[in-house]
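Input: a single structure, listed below in structure tokens.
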Amino acid sequence: MNRKEFLKKFAMAGTAAMVIPSLAKANAFGLGTNKRLRVAVIGCGSVSGVYLPHLVRSPFVEVVAVCDIKPERAKQRAEEFHVPNQYPHIDKLLDGVDFDLLVNLTDMQEHGRLNKMALLKGKNVWSEKPLANSYREGYDLLQLSKKQGLRIWGAPAVVNSPQFAFMAKQINEGKLGKVAAAHAHYGHLGPTWSAFFYEKGGGSLPDLGVYNLTTLSGLLGPVKSVVAMTNILTPERAVDDKGKIAVEAEDNASVLMEHEGGAISHVMCGFNYFDPYGHTGTGQDKPTISLVGTRGAMHLIGYDWAPFAVEIATMDHEQPQRFATDTGSYVWQEGASVISRSLVEGIEPLINAEHSLHVLEIIEAARESQKERKRISLASTFPYPVIK
Ligand SMILES: NC(=O)c1ccc[n+]([C@@H]2O[C@H](COP(=O)([O-])OP(=O)(O)OC[C@H]3O[C@@H](n4cnc5c(N)ncnc54)[C@H](O)[C@@H]3O)[C@@H](O)[C@H]2O)c1
């Protein structure tokens, strides 16, 4: 069954109304507010060095195991973060020490397969993006999690930032009037350490565009249709793990989206963007996301995964003003810690699996639009507004 047939058969329009296994399941683990969720991390590469310090500081988490097919990496992280168990393979991890949540930080191409194995073994899942390698696979994983009475969530955590909350509130309160258009961009010169970012199943859309796509759909609502152009601007790269490689996935993308409310937004992302602020965007004072409506314009300062402020000008106050300059405790790597807390306390987080799947469908539709040279309709949706 191809994507189109699948979507027709399982018309996703009703997903938001589907029963989500209750977080009361956490109580079935015997967890209470004083308990810690037992967490295992798979994938001990670059991003694990940012996740693990956050996870081990969380009062809701006990990191009980790490795993990597490069065992020396698991050993190093286990020593660094005093993790008692380390494994060289998912089979050994799943048959080893008991745990409640798998945090999947492996190559993008491995996410769907490993997430499924974990769900089948009764583990909840937090996955780095993408949640799965196709919309269909992600949809099946979500169904499986429901069948198992488990939960699955995927990065990014952008909807948790105080700046996202502030922007959503302005839109909800009508400060911008009717929102007509939005633009977002994120790019850098591309990761240098691993080939998977450029191989089939990788690409700048699931690695970078995913942040802006999540933010804009989170602010403006589910996307009805997509038109996109993608290409490969740098066909050959040198990476640490494989040397010289041929680039197979898009490293340059521009996506136009029509949201249910009528706004048309644009996301551009890629691995060929010179960025004067560097990968982390530190010190950036320029907007990376702009929205405009009939009564006002609003700009997010800094990247949406690490924003610094929101600037807004309206008919009532034409001089631009800066708000939400306090970043609070939000950091982009907090997703796994936040959902661990949710599982312990039984609180539904803002991060939502249907939203992740919707973004996955946007990415797939963007690629299909490029391939077929036409506008692609979407079938999925997610609970909106994200911030009530
Ligand atoms: N590095 C970052 O700054 C960053 C930031 C945000 C999100 N991410 C996301 O995190 C994920 C990992 O990225 P990374 O930069 O850490 O990559 P990486 O190459 O540095 O690390 C991936 C690790 O996963 C291991 N691995 C691969 N397949 C495995 C398997 N089947 N079982 C066990 N281990 C396996 C690899 O050996 C490697 O150590 C990607 O989805 C990426 O998009 C990365």
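Pairs linking a residue in region 237-250 that is assigned by TED's automatic domain parsing to the domain that holds P191 and more than 13 Å from F271 (Cβ to Cβ) to a residue that is within 12 Å of the ligand (Cβ to nearest atom) and of a type in the set (S, T, N, Q), with Cβ atoms under 6 Å and 6 or more positions apart or on different chains, are D241/S194.
Considering region 15-66, and only residues there that are of a type in the set (K, R) and closer than 27 Å to R113 by Cβ, the residue that is modelled with the highest pLDDT turns out to be R38. Scanning region 305-364 for residues that are out of contact with any helix residue (DSSP H, G or I) (no Cβ under 8 Å at 6 or more places or on another chain) and aliphatic (A, V, I, L, M) yields A313, M315, I339.
Filtering region 288-299 for residues that are assigned to a loop (DSSP other than H, G, I, E, B) and buried (at least 16 other Cβ atoms within 10 Å of the Cβ) leaves an empty set. Going by the conditions given, is S369 hydroxyl-bearing (S, T, Y) and either closer than 16 Å to S127 by Cα or out of contact with any Lys or Arg (no Cβ under 8 Å at 6 or more places or on another chain) (or both)? Criteria not met by S369.
Could you pull out every one of the helices (runs of 4 or more DSSP H) wholly within region 96-207 that has 1 or more residues that are more than 10 Å from the ligand (Cβ to nearest atom) and β-branched (V, I, T)?
Result: 162-172.
For R295, are the conditions met, namely being in contact (Cβ under 8 Å) with a residue 24 or more places away in the chain, within 21 Å of the chain's Cα centre (by Cα) and in the same structural domain as V247 (by TED's automatic domain parsing)? When the stated conditions are applied, R295 does not pass them. Residue count for region 110-158, restricted to those that are over 20 Å from G335 (Cβ atoms) and small (G, A, S): 3.
The single condition from (1) within 19 Å of the chain's Cα centre (by Cα); (2) modelled with pLDDT under 95 that S340 fails is (2). Inside region 36-70, residues that are surrounded by fewer than 15 Cβ atoms within 10 Å (Cβ to Cβ) and in a helix (DSSP H, G or I) make up a count of 3.
The values are calculated or read from the model by the stated rules, or taken from the named source; none is laboratory data. Keep in mind that this is a model prediction, so the values were computed, not measured. Using ideal geometry, Cβ is built from the backbone for each residue, glycine included, and neighbour counts are taken over all protein chains shown.
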